[in-house]
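The values are calculated or read from the model by the stated rules, or taken from the named source; none is laboratory data. Everything numeric here is computed off the predicted structure, so don't read it as measured data. Cβ sites come from the backbone with ideal geometry, for glycine too, and all protein chains shown count toward neighbours. Surface areas here come from the heavy atoms of the whole protein model, side chains and all, with no ligands, DNA or RNA. Shrake-Rupley method; radii C 1.70, N 1.55, O 1.52, S 1.80 Å.
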Amino acid sequence: MNGDVLVVIPARGGSKGVPGKNLAPVGGVPLVARAVRAARLASRVTTVAVSTDDDAIAEAAVAAGAVVVRRPAELSSDIASSEAAVLHAVDTLYGDHPWSLGVVVLVQCTSPFLTSAELDAVVTAVVDDGADSAFTAAPFHGFLWREPTDASGINHHAAGRQRRQDREPEWLETGAAYAMRADGFATHGHRFFGRTVAVATDPSRVLEIDEPADLERARALAPQLDATDRPGPGEVDAVVLDFDGTQTDDRAWLAADGTERVAVHRGDGMGVAAMRRSGLKVLILSTEVNPVVAARAAKLGVECRHGIESKGPELAGWLAERGLRPARVLYLGNDVNDLPCFAQVGWPVAVASAQPRVRAAARSVTTVPGGHGAVREIASWILREDQL
């Protein structure tokens, strides 16, 4: 199957169960930004769109790298379906060239632990495996009952139940992601049609946020489940580092003659040296014109481009010059001028002290603030122990 793969994330501003739900932070990142991030990192996705009626959600979506489709009032009520929002987004983005769209994916940002691999899997089921629609599902071995005051078994016989290991699993719809053939979805207007495939997901990551207690559970689980979303050894070919606020704590000492001095972390220097020894390409990319940036780069023995007004185009040129795959590049930053760079690379990383919009757009966040060993920390992620 040919054509684009469009992810649509419906995210209304109103929510009765959890007020402001789609902007509620989990792991320091708004739910809508988490969904955008997972979709952007899926290798089979072409475009990520957020359908919303809310200005704050639109701003968070754009910061995370999505395009925004403004949802009309008639599609923004409690009774409006997700399918209606998706159909509207498809018409808005592909109405004049529908033949170029192959697959539509509905992603619910109330499932905070959806992964890019799961998104690729539902798309693959449609594109490569001949499904008309596919959805994320978790294996389920629970015993269901009806009518608690006069209980009767639904998926089992109470008098002779099989052991768990002897039962074929049933499949619990997670509510996270649904992939559909675009032409079939336009015809049926519903997420399930034709041959439907349930794509297995990790049950430990299944959680839908419908009530305040669900949100609290998600926040409690985030440190464990998000910790794996970091690059490991062999997953990165190049590291690009911002300077102020990333390799420093964003402060400067100003002398009477106008010269500035900054403090850097010795551990960061050791991290850069280790990355260079391992063969990784390292670039310092900064808008700062202070010669201290070039001096630091020279001391570390890495390439430096500073005094750069627009970092996004500069990074794009550097990647092209060196033939680097953006998906295997890590960018470490802290402020809004880093966002155009975040949108280009596979591993956008924010320091712990980064601006909220930058943290929201990051795939990973360091445990320490800028100027306190954040570069050394990312080196510990991407290098083996014997390389450090």
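Are there trypsin sites (Lys or Arg not before Pro) in the stretch 121-189 that DSSP puts in a loop and that have at most 14 other Cβ atoms within 10 Å, and which ones?
On the way: sites: Arg146, Arg161, Arg163, Arg164, Arg167, Arg181; in loops: Arg161, Arg163, Arg167.
Sparse-neighbourhood loop trypsin sites (Lys or Arg not before Pro): Arg161, Arg163, Arg167.
Of all trypsin sites (Lys or Arg not before Pro) in the stretch 4-35, which ones are in loop regions per DSSP and have a Cβ with at most 15 other Cβ atoms within 10 Å? Don't skip to the end; give the middle numbers.
Details: sites: Arg12, Lys16, Lys21, Arg34; in loops: Arg12, Lys16.
Passing both the DSSP loop test and the Cβ count: Lys16.
At a probe radius of 1.4 Å, what is the per-residue accessible area of Met1, in Å² to the nearest 10?
100 Å²
Using all alpha carbons of the stretch 177-216, what is the percent of pairwise distances in each 5 Å bin, ordered from the shortest bin to the longest?
Result returned by the calculation: 5, 18, 20, 13, 14, 17, 10, 4.
Give me the net charge for the shell around Val358: Cβ to Cβ below 9 angstrom, other residues only, Lys and Arg +1, Asp and Glu -1.
Charge balance near Val358 sits at 0.
Hey, got the Cα dimensions of the stretch 120-227 along the principal axes, in Å, largest first?
47, 36, 27
List the residues, sorted by chain then number, that are 5 or more residues from Val282 or on another chain and whose placed amide H is less than 5 Å from its amide H.
Under 5 Å from the amide H of Val282: Val239, Glu303.
Quick one, can you get me the convex hull of the C-alpha atoms of the stretch 21-137 expressed as volume per residue in Å³? Numbers along the way, then the final one.
Values: hull volume 13.3 nm³, N = 117.
It comes to 114 Å³ per residue, whole-number rounded.
Once phi is turned into θ = phi - 60°, what whole-Hz ³J(HN,Hα) does the Karplus curve with 6.51, -1.76 and 1.60 give for every residue of the stretch 128-138, x standing for Gly and Pro?
Taking θ as phi minus 60°, the curve returns 9, 9, x, 6, 8, 8, 8, 9, 6, 8, 10 Hz for the stretch 128-138.
If amide hydrogens are placed 1.01 Å from N in the peptide plane, which non-local residues have theirs closer than 5 Å to the one on Ala176?
Long-range HN contacts for Ala176: Thr136.
For the chain, what does -39500 (n - 2.57) per DSSP helix run (n ≥ 4), summed and divided by total residues, give at 222 nm, in deg cm²/dmol to the nearest 500?
The per-residue figure over the chain is -9000 deg cm²/dmol.
Per residue, how much accessible area does the stretch 296-368 have with a 1.4 Å probe, in Å²?
It amounts to 40 Å² per residue over the stretch 296-368.
Summing Lys, Arg as +1 and Asp, Glu as -1, what charge do residues with Cβ under 13 Å from the Cβ of Tyr94 carry, Tyr94 excluded?
So the surrounding residues net to -4.
With the other protein chains left in place, how much accessible area per residue, in square angstrom, belongs to the stretch 168-244 at a 1.4 angstrom probe?
50 Å²
How are the Cα pair distances of the chain distributed, in percent, across 10 Å bins from 0?
5, 21, 28, 23, 15, 6, 2, 1, 0
I'd like to know which of Thr92, Ala297, Val197 lies farthest towards the positive end of the charge dipole of the chain, counting +1 on Cβ of Lys and Arg and -1 on Cβ of Asp and Glu.
Result: Ala297.
Rounding to the nearest 20 debye, state how big the charge dipole of the chain is about its Cα centre with +1 on each Lys and Arg Cβ and -1 on each Asp and Glu Cβ. Intermediate values should be presented prior to the final figure.
Numbers: 39 positive and 49 negative charges, 196 e Å.
Using only the charged Cβ atoms, the result is roughly 940 debye.
Give, as a single signed number, the net charge of other residues whose beta carbon lies under 15 Å from the beta carbon of Arg305, with Lys and Arg counted +1 and Asp and Glu -1.
Net of charged neighbours comes to -4.
Let me know the shape class of the stretch 347-388, please: from the alpha-carbon gyration tensor, a ≥ b ≥ c as square roots of the eigenvalues, rounded when a/c is under 1.5, otherwise prolate if a/b is greater than b/c, or oblate. Working shown, then result.
On the way: a/c = 4.17, a/b = 1.84, b/c = 2.27.
Verdict is oblate for the stretch 347-388.
Expressed as a rounded percentage, what relative contact order does the stretch 72-150 have, with Cα pairs under 8 Å and six or more residues apart?
So the answer I get is 15 percent.
Rolling a 1.4 angstrom probe over the protein chains, ignoring ligands and nucleic acids, what is the accessible area of His157 in square angstrom, nearest 10?
Accessible area of His157: about 150 Å².
At a 1.4 Å probe radius, which order do Thr47, Thr201 fall into by accessible area, largest first?
Values: Thr47 35, Thr201 15 Å².
Descending accessible area places them as Thr47, Thr201.
Taking Cα pairs under 8 Å and at least six residues apart, what relative contact order does the stretch 217-372 come out at, in percent?
Computed value for the stretch 217-372: 26 percent relative contact order.
In whole Hz and in residue order, list the ³J(HN,Hα) couplings for the stretch 314-322 that follow from phi through the Karplus curve 6.51 cos²θ - 1.76 cosθ + 1.60, θ = phi - 60°; x for Gly and Pro.
Going residue by residue, I get 5, 5, 4, x, 5, 4, 5, 4, 9 Hz, with x marking Gly and Pro.
Contact order normalised by length for the chain, with contacts defined as Cα pairs under 8 Å and 6 or more residues apart; what percent is it? Don't skip to the end; give the middle numbers.
Working: 791 pairs, mean separation 61.6, N = 388.
Relative CO of the chain lands at 16 percent.
Keeping the other protein chains in place, figure out the carbon and sulfur percent of the accessible area of the stretch 46-202, with a 1.4 Å probe.
52 percent
So for Leu332, Leu254, Leu93, what's the accessible-area order with a 1.4 Å probe, most first?
In descending accessible area the options line up as Leu254, Leu93, Leu332.
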